[in-house]
Amino acid sequence: MASQRKITELQAFEIEAADDSGIMPKAAHAFACRQVGGQLNLGYTDRDQRNHLRTKRQRELAFGQAGSMLKYFHDKIIENPSFQYALQLDCEEHIANIFWADAKMVVDYAHFGDVITFDTTFGTNKEYRPLGVFLGLNQFRETTIFGAALLFDETYDSFKWLFQTFLVAHNGRQPRTIYTDQDAAIGKAIGKVFTESYHGLCTFHIMQNAVKHLSPLKGEENNEEKGEGKGEDEEEESILTDFSECMYGYENKVEFEEAFDNMRHKVHKQTWLDSIYKFKEKWAECYMRDVFSLGVRSTQLSESFNNSLKNQLKSDFHIVRFLLHFERKVEDKRKNELQSEFEARKKLPRIKMHTPMLVLASEVYTPIIFEAFQGEYERSMAACTRVLDGENKFAVSIASLRGDLKFEKERIVIGDPLTKTTSCSCGMFNRTGILCGHGLKVLDLMNIKTLPTQYILKRWTREARNGSIQDRHGRNVVENPKLEAQLRYKNLSHKFHTLAYKIANSLECCLMLENALDCVGPKLEDKLNETTNATNKPSNDQENVDPNVQQTSEFLSAAKLKKKEVPSKNLRRKKTWLDKLLKGKRKPTKVVASKNKEAKKQKKHDGVEPQVGVEKDSGDKATNLEPQECNAFMSYTQLLTAPPCVVYNEDLF
């Protein structure tokens, strides 16, 4: 019976936990039924569960989407003052663009923000806003997040505001290298904001465009002959191979130009080749020899993270629910780093040769970086050298470690035994931060048996996170305030326990301690109350409201998101497979015919072409709504019919 059905607190917690984990309500209800031995023993129905979830989502949006989002950000600031966010408003003071970064992101960028990737993805939230995420690599070469944003659109103004806000959040420190896809708006904004950074294009996307645009000459002239299909495929594959060689294979710029010209003659349509050639400095190997990239040449970090996000995020998520799920996904990534840290401390790296250089490197580097360094050390053992003219100048060639004896291309290495430095023409250390086998060979020839400190990059070491980081307000950033509080509690408890153990046998000392506690206790209580009252006190200055302070209920309810109108290719809804199957079987009704006749009469009478099949709500219809319906209408659909506004930058940090 309906009067007997009830969801207990424990069942409500399980329902909400399943929903937060991405489990569909039907599957969660079936699992709950199996746990208790059947539907009759559960105490609630599937409809009760859906109603409970609907009520939960309504509570999450108590102040509307924008107000609840601001409350979410404010709660994060109370939890950790180093949490940062910024909003960009349009001319009607509706929220257009949103950026946020928690304390861990600020710390991670300070340690590993030298190379970042940026990309946007769709289909993660109900507002159809593109999600942009800044990513990089930590000391274990795992993905780390530096910041995220929900944009209104993908225009130059939006990206410019986002990149400027990103720099403000991270104390103005610019990355050495940033990788994006070939988007004109992003490229223009990066050139304006990241003036000290190298902008590289994603080679994966470039190769995808190459497959799409590059076609051989014979493929369009002789496609009438059936026997030429195989030859055309081989020629097209040859062109793609040539383009890949131009991207990765040439270290000399003159050789690259000759190979690119030869490839251009094989292609019928050269429009795309000419356009990509203009940006050759951003993707060709010969122009990126001295670019610090950590071995990154694409936005694959962003693509992988976006794909994993889409597995948990849905396009019908409102903003607050999206933020909660995004936070859980970020925590999953951080758990991988904790696991890698635990494995690095628990296991000793496998050293193949116990030389002083490898032993020192195993103690300094993280395991994955040590494996890469040990590989270069092995290659240095298989290197042959010859002395060139000049002091400490060598030509080094490394033999193949597998198969037949073959030597790689010779590299010129100049060593300096006084400063313990080497300069190799391969430039591997300048790109990845790991010394190459050619340089290690020359160090050995100069009788340098340990790795010099200038070749140990801190970001690859076990102590990469050592040191305090300050936010833009000059405060030390604390990644986890709860952990810090627990550590302080542990320290104070140890001190009090030790002191109590010492004075327990002295009555006079015990009385002195009790009197001191009685005197200090009320003062501490008053201090805590003052802090609580200052935090909960609402702001009276409405003209200069800072998003990082407590907001009133009226302000939260008045906040609105700028609505994004999703453009459609046509005015009619997309036909399903059933509509296509029944196409031609439907006959026009008399009502439609009468409407068409009336439209034709109206056309003849007014001399204006009518629009048939499109109905527009009149303006009087909205004014007749009930008060509650009108409020919902103003919150969610008013911007869909509002005139376009010029977006201006307003940083509310």
Given a Förster radius of 30 Å and the C-beta distance between Gln208 and Asp153 as r, what FRET efficiency does 1/(1 + (r/R0)^6) yield to the nearest 0.05? 0.80
Suppose the chain between Thr55 and Leu418 were pulled fully straight at 0.36 nm per residue; how much longer would it get relative to their current alpha carbon spacing? 123.4 nm
Gyration tensor verdict on region 2-60 (Cα atoms; rounded if a/c is under 1.5, prolate if a/b is larger than b/c, oblate otherwise): oblate
FRET efficiency for Val254 and Val387, using Cβ-Cβ distance with R0 set to 25 Å, rounded to 0.05: 0.30
Expected unfolding gain across Lys458-Ser21 under the 0.36 nm per residue rule, minus the alpha-carbon gap, is 153.6 nm
How far apart, in nm, are the 7 Å Cα→Cβ label points at Glu196 and Asp274? 3.9
Sparse-neighbourhood loop sites, trypsin sites (Lys or Arg not before Pro) in region 302-371 - DSSP loop, at most 16 other Cβ within 10 angstrom: Lys314, Lys347, Arg350, Lys352
Take the alpha carbon gyration tensor of region 241-379, find the square roots of its eigenvalues, order them as a ≥ b ≥ c, and report rounded if a/c is under 1.5; if not, report prolate when a/b exceeds b/c, else oblate. oblate
Using a 10 Å cut-off on Cβ atoms, rank the peptides 97-105, 475-483, 515-523 from the highest mean neighbour count down. 97-105, 475-483, 515-523
One computes Rg over Rh for region 356-460 from alpha-carbon atoms, with the Kirkwood Rh, and obtains 0.95
In nanometres, what is the gap between the two model label sites at Asp526 and Lys310, each 7 Å from Cα along Cα-to-Cβ? 6.1
Mean separation of Cα pairs under 8 Å and 6+ residues apart, divided by the residue count of region 56-190: what relative contact order is that in percent? 21
Give me the distance in nm between label points sitting 7 Å out from Cα along the Cα-to-Cβ direction at Ala399 and Met353, one decimal. 1.3
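Only the coordinates and a few stated rules stand behind these numbers; no lab work does. Everything numeric in this text was worked out from a predicted model, so none of it was measured. Cβ: placed from backbone, ideal geometry, glycine included. Neighbour counts: every protein chain shown.
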